[in-house]
Each structure stands twice: as C-alpha cells, then as structure tokens.
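So the structure is just underneath, and the comments pick up after that.
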Amino acid sequence: MTITITNLVTYDVRFPTSRTFAGSDAMHPDPDYSAAYVILQTDSPQGLEGYGLTFTIGRGTEVCVAAIRALAPLLIGRTLESITTNMAAFWRSLTSESQLRWIGPEKGVIHLATAAVVNALWDLYARVEGKSVWKLLVDMSPEQLVACIDFRYITDALTPEEALGILQRNVATRVQREAEMLQKGYPAYTTSAGWLGYSDERLRSLCREAIARGWTQFKLKVGASLQDDLRRIQIMREEIGPDRKLMVDANQVWDVNEAIAHMQALAPYHPWWIEEPTSPDDVLGHATIARAIAPIKVATGEHVQNRVIFKQLFQANAMHFCQIDACRVGGVNEILAILLMAAKFGVPVCPHAGGVGLCEYVQHLSIFDYICVSASLEDRMLEYSAHLHEHFFDPVVIEDGHYKAPLAPGYSVKMLPETLKAYAFPDGEIWRQA
Ligand SMILES: C[C@H](O)[C@@H](O)CC(=O)C(=O)O
Ligand SMILES: [Mg+2]
C-alpha cells in the first residue's frame, strides 16, 4: 500500500504533576510531565495516522513544538515507502539538514524533535503493517535492521558487519525468546515509591504497597542533603529488606568527587547502582566514579544526547548500565545503533521510563533487545513509573513486576482526544483553572 504523509500536527500537552511531587528529583523538584506530541496525517483510505511524542517537563515544551514544526517540511509529501526503503538515508536527511543541523547537531531540542517525528513514523509504519513496533522490528531481517542505522561517527566502535554478526547469531533462537516474552513479559522495577518530594511516611507506605503488588526492585531519588539521603535510604532498605534490589538516582547534581564521597556514605545500604551521578556529558568523570565506588555500579543515559556519547561511555568503561531514552536520542533508528553497541561492549540496557509515554515506548525497545540483540535478561530490567497511563489508547500492562508484551499495532503512545483537549497548554481546561 502506498501512502503519503499529507500533514503534521503538533500539540503542547502538559500534566500538572508538580502539584503532587510525582516525578520530582534533586535536579528537577517540580516537573510537570509534558509531551510535544505529533500526529502524522496521511492519505490512507483507512485514515491511518502516526503518533509520536518527545518527553519534556513543562516550560520549554513550546520550544520542542517549534522545532518539530521546523522538521515538518522534510516529511510532508513523502510516501511512507520512500522512507522505509532506505531508513538510514531518511534519518540522515533529518539530522543533517544543511541549515537545521547548526542548532544541534544531533543534540538538544532539535534532536528531541527528531525523536518525536521519527517515532511517529515508526508508529505509522507499524500500523500499516498491523504490528506493534517491537514485532515489526523482530520480523525484520538482520540486513533490514542494519539498513536502518546511520553508522556515521561510530564505525570505530561498531561496523555494519559487526552489527550484522550480532543480529545473525541470534536469529535461530529468536522464536523461543519471543514466546517467552509473550508468556512472561519483561522484568521491571518501580520508581514510583521514591520521588524526592515525597514525605518519609509516603515513601514507607508506597514501598509497602509496591511489595504487596509484587515489585522486587526499587529506585530511590537521592542528591538532597546527605542527612536526608541517609534517612530515606534507611527507610527504603528497612521496608524492602536486604534481598530486594535498591537503586539510587541523583539526576546529575554532584561533581565527580562529591558523587564519590556521597556514594561511599550510602554504601552500607547496598545500592545496586547510582544513576546520573554527574553531568551526562562527562564521560571520563563517570569512569572515575565507576572505578572509585565499586562494587556499586554506575548507570546513565536518560540525558545522553546521541550515539556518539554512548560510544564513548562504552569505550571508557564509564557505565555498567545503559539507560537509553526513547526520545532523547533520535528515535528508533539511533536506538538500534546504541542497543547494538551495548551488546558488543557487554553492557546491559535498562531503559529510562520516568516520564509520560516513556514506559509505553521503551517496552517495545527492551522486548526487541532481548529477542534480537542481547538475548539475555541477566541484570536487565525496565523502569516503571505509575503515573498518567490512563491518557493513552494502549497503556502499558504490568503483571507481577513484569511488562506484558504490547500487541496493538503501533508504538503505544497515541493519546486520547479528550486528553489532548483538556491538558493542552495553555488553553486546556486543566490550565485555565490553575
Ligand atoms: C524528572 C523525571 O521525573 C526524572 O526524575 C526521571 C528519572 O530520572 C528516572 O526516571 O530515572
Ligand atoms: Mg533517572
């Protein structure tokens, strides 16, 4: 079926989560979870559209919307087929557009916008094929997958031939892992008990509720005063016991030496990883921290801007867990490059999902990663945060601490029309009442 993209519509959608401190951390104490949301309209007789978003936390969403509008002429008028037959070339045409590139390149707002548009395109592609995005990827041949990747700047770490080799060695056993995913789902951890703005009582009661629901792995926000962090980690450890996993997340507030000192003080509570201990751009700083605080591990990625910085983090042994974000880097195509580099360097991928729509996105990426790339669940888990799923047509389904594999066609981020209306900023009723 040949379909043409006829229009791109974008929305600024914001949820007032700062009112309850949901999503709060040491660097972002008052996030309003938000999305620069995209609809790709087409001439499909069935009315097929593609839906994508990039995650933001309030002010600045309008800047992402403007960047998405700047990219729109690169898609409007194109047939889906002309794009999918050479995905890598299409991706490069967006990220290397001769004038827009200057305001990146491949980073910041223009790259967030690229992600929204590229993800909307994958959503459309999957809907046309009648598959969920993970299944669309799983059904592609290794050659087709490699043809989606722009290898510019990463061939010193991963060549197309090596990427092909990784994918090919897993082909024979894909079917078993796909059946396992459909039956058991992908293991997860919860972030929802430990937001920084929650009181000690709330932290305690949310840990209890989460355990009752079957959660076995927990993340706690840290990075306030050491005294507060010690008190809060003690509460979480008391509640979850010595055997359940506890991870901590500082959201970039520390200098390198502060991170080391702080983590040495928290070490008696056995955190499994420290996430974003310092600036996401500081590759060598992460490596220094990783060496100094072993056996505590280092995780990062939600603010890592592109495959080039991920490459350096891998090359420098600077992170033990790779936390891809579905819309920080340039959408599915760039994620494929990062998953394959992670496999080559033997680093488990545990995606970032604390945000609106991120859980919906990353379930597809982790399920694909397991079936086709890593072929392992060891030390791997997907983040889960409990808020705002009710705004999607196909919200994530969690059972017993696992994500159920999504089966509906697309990438799962299509929002309800009433949500787009009520939470539109600044004119939706939620904001007019504020
Ligand atoms: C501002 C976001 O909620 C951020 O704190 C999420 C995050 O760091 C995570 O989920 O990890
Ligand atoms: Mg984080």
Among (1) assigned by TED's automatic domain parsing to the domain that holds Val308; (2) basic (Lys, Arg); (3) part of a loop (DSSP other than H, G, I, E, B), Arg177 falls short only on (3)
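Starting from residues that are more than 26 Å from the chain's Cα centre (by Cα) and surrounded by 14 or more Cβ atoms within 10 Å (Cβ to Cβ), keep the ones in the stretch 208-228 and report whichever is farthest from ligand 1 (Cβ to nearest atom).
Our first condition is that a residue be more than 26 Å from the chain's Cα centre (by Cα); within the stretch 208-228, this holds for 208, 212, 225-228.
Applying the additional criterion that residues be surrounded by 14 or more Cβ atoms within 10 Å (Cβ to Cβ) yields 226, 228.
On the way: Leu226: 19, Asp228: 16 Å.
Here the answer is Leu226.
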Only one of (1) out of contact with any helix residue (DSSP H, G or I) (no Cβ under 8 Å at 6 or more places or on another chain); (2) assigned to a strand (DSSP E or B) does not apply to Ser192, and that is (1)
Flagged pairs (Cβ under 6 angstrom, 6 or more apart or on separate chains; first in the stretch 167-194, within 30 Å of Ala250 (Cα to Cα); second aliphatic (A, V, I, L, M) and in a strand (DSSP E or B)) are Tyr186/Leu382; Ala188/Leu382; Gly194/Leu220
The number of residues in the stretch 346-364 that are in contact (Cβ under 8 Å) with a residue 60 or more places away in the chain and either surrounded by fewer than 24 Cβ atoms within 10 Å (Cβ to Cβ) or farther than 28 Å from Val13 by Cβ (or both) is 0
Would you confirm whether any residue within the stretch 14-21 is more than 16 Å from ligand 2 (Cβ to nearest atom), part of a helix (DSSP H, G or I) and modelled with pLDDT of 95 or more? yes
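For the stretch 60-103, how many residues are part of a helix (DSSP H, G or I), closer than 19 Å to Asn306 by Cβ and among the hydroxyl-bearing types (Ser, Thr, Tyr)?
Quick first cut of the stretch 60-103, residues part of a helix (DSSP H, G or I) only: 61-74, 80-84, 87-95, 100-103.
After this cut, where a residue has to be closer than 19 Å to Asn306 by Cβ as well, the list is 63-64, 67-68, 70-71, 74, 87-95, 100-103.
Filter again for among the hydroxyl-bearing types (Ser, Thr, Tyr), leaving 93, 95.
Here the count works out to 2.
In the stretch 240-258, what count of residues is obtained for those that are away from ligand 1 (no atom under 15 Å from the Cβ) and either on the phi > 0 side of the Ramachandran plot or not in a loop (DSSP other than H, G, I, E, B) (or both)? Outline the logic, then answer.
Going residue by residue through the stretch 240-258, those that are away from ligand 1 (no atom under 15 Å from the Cβ) are 240-244, 255-258.
Remaining after also requiring either on the phi > 0 side of the Ramachandran plot or not in a loop (DSSP other than H, G, I, E, B) (or both): 240-241, 256-258.
Residues flagged as away from ligand 1 (no atom under 15 Å from the Cβ) and either on the phi > 0 side of the Ramachandran plot or not in a loop (DSSP other than H, G, I, E, B) (or both) within the stretch 240-258 amount to 5.
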Listed by first then second residue, the pairs whose first member lies in the stretch 295-306 and is on the phi > 0 side of the Ramachandran plot and within 15 Å of ligand 2 (Cβ to nearest atom), whose partner is charged (D, E, K, R) and modelled with pLDDT of 95 or more, with beta carbons under 7 Å and at least 6 positions apart or on separate chains, are Gly301/Asp325
Filtering the stretch 398-419 for residues that are in contact (Cβ under 8 Å) with a residue 12 or more places away in the chain, out of contact with any Gly (no Cβ under 6 Å at 6 or more places or on another chain) and surrounded by fewer than 18 Cβ atoms within 10 Å (Cβ to Cβ) leaves a count of 4
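What tally of residues in the stretch 1-19 results from selecting those that are within 17 Å of Ala386 (Cα to Cα) and either touching a residue at least 60 places away in the same chain (Cβ under 8 Å) or aliphatic (A, V, I, L, M) (or both)? Walk me through it before giving the result.
Just the residues of the stretch 1-19 that are within 17 Å of Ala386 (Cα to Cα), to begin with: 14-19.
Filter once more, keeping what is either touching a residue at least 60 places away in the same chain (Cβ under 8 Å) or aliphatic (A, V, I, L, M) (or both): 14-17.
Final tally of qualifying residues: 4.
The values are calculated or read from the model by the stated rules, or taken from the named source; none is laboratory data. Remember, predicted model here, so these are calculated numbers, not experimental data. Heads up, the Cβs are rebuilt from the backbone with ideal geometry, glycines too, and the neighbour counts pull from every protein chain shown.
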